[in-house]
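The values are calculated or read from the model by the stated rules, or taken from the named source; none is laboratory data. These numbers come from a predicted model, not from an experiment. Counting neighbours? That spans all protein chains shown, and the Cβs are built from the backbone with ideal geometry, glycine included. With ligands, DNA and RNA removed, areas are computed over all heavy atoms of the protein, side chains included. Shrake-Rupley method; radii C 1.70, N 1.55, O 1.52, S 1.80 Å.
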Amino acid sequence: MMNMESLMKWILALSLTVAVLFGMKPIDAFAQAASGDKDTAVFSGGCFWGVDGVFKHVKGVTNVISGYAGGAANTAQYETVSTGTTGHAESVKVTYDPSKVSYDDLLKVFFFVAHDPTELNRQGPDTGTQYRSSIFYENEAQKKMADDYIAGLDQKHAFSKPIVTKVVPLTGFYPAEAYHQNYLELHLDQPYIVFNDLPKLEQFQKDLPGLYQQQAAK
């Protein structure tokens, strides 16, 4: 039986053959083979502690990283971002298996569980542009799905107030400091988490049980 290492080498060799036959650059073939069945999505919806904690419980999600998006690399530090002058938003980068969960499903969790999309430049007790509601799209397909999803919500009057979520291109994602990573799971008794974020997980499990996984992703 072919072991995993041999299998990967065979897949890469096959990818190169296909690349030659169809005029693809070898580097593109390697990238596609290495990416496997994982996609990523970037969202901002208030303090990244709670948004991270929610997406870690979505079935098909394998990894979530808290970080910053919307600004430059040299200002992607918590103390600087907290001034609200960097253009960054506290964000999460979600890695998921599209064969188990769709981008539309992630949007559903984002809009109906992770945050309130009608709050402008704030979320709950947190105020400032760094807490704004944004979807950072990585390609035109994500942009179209996000725009169409918001249009559908508007048409159905899903919320009593206007949706303020912005759909903008992702120009860079910068992981936050280590102490911010997996914050909810590591601080279940912290008052901010108890009051603002644990109710979201309860709501998630109750309202969207088909998308909820008990064991949090890493």
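Some notes on this structure:
- Accessible surface for I65 stands near 50 Å², nearest 10, in the context of the full protein assembly shown (1.4 Å probe).
- Taking amide hydrogens as placed 1.01 Å from N in the peptide plane, the amide H of N121 sits under 5 Å from those of S133, each at least 5 positions away in sequence or on another chain.
- Once all protein chains are placed together, H157 keeps about 150 Å² accessible to a 1.4 angstrom probe.
- Scalar couplings 3J(HN,Hα) for region 156-167, obtained by applying the Karplus form with A = 6.51, B = -1.76, C = 1.60 to θ = phi - 60°, are 8, 6, 5, 10, 6, 10, x, 6, 10, 4, 9, 9 Hz; x denotes Gly and Pro.
- 20 Å cut-off, amide nitrogen to a point 7 angstrom out along K156 Cα→Cβ, residues in region 91-115: 101-115
- Label sites at Q77 and T62, each approximated as a point 7 angstrom past Cα along Cα to Cβ, lie 3.4 nm apart.
- Around I193: net Lys/Arg minus Asp/Glu count, Cβ-Cβ under 14 Å: -4
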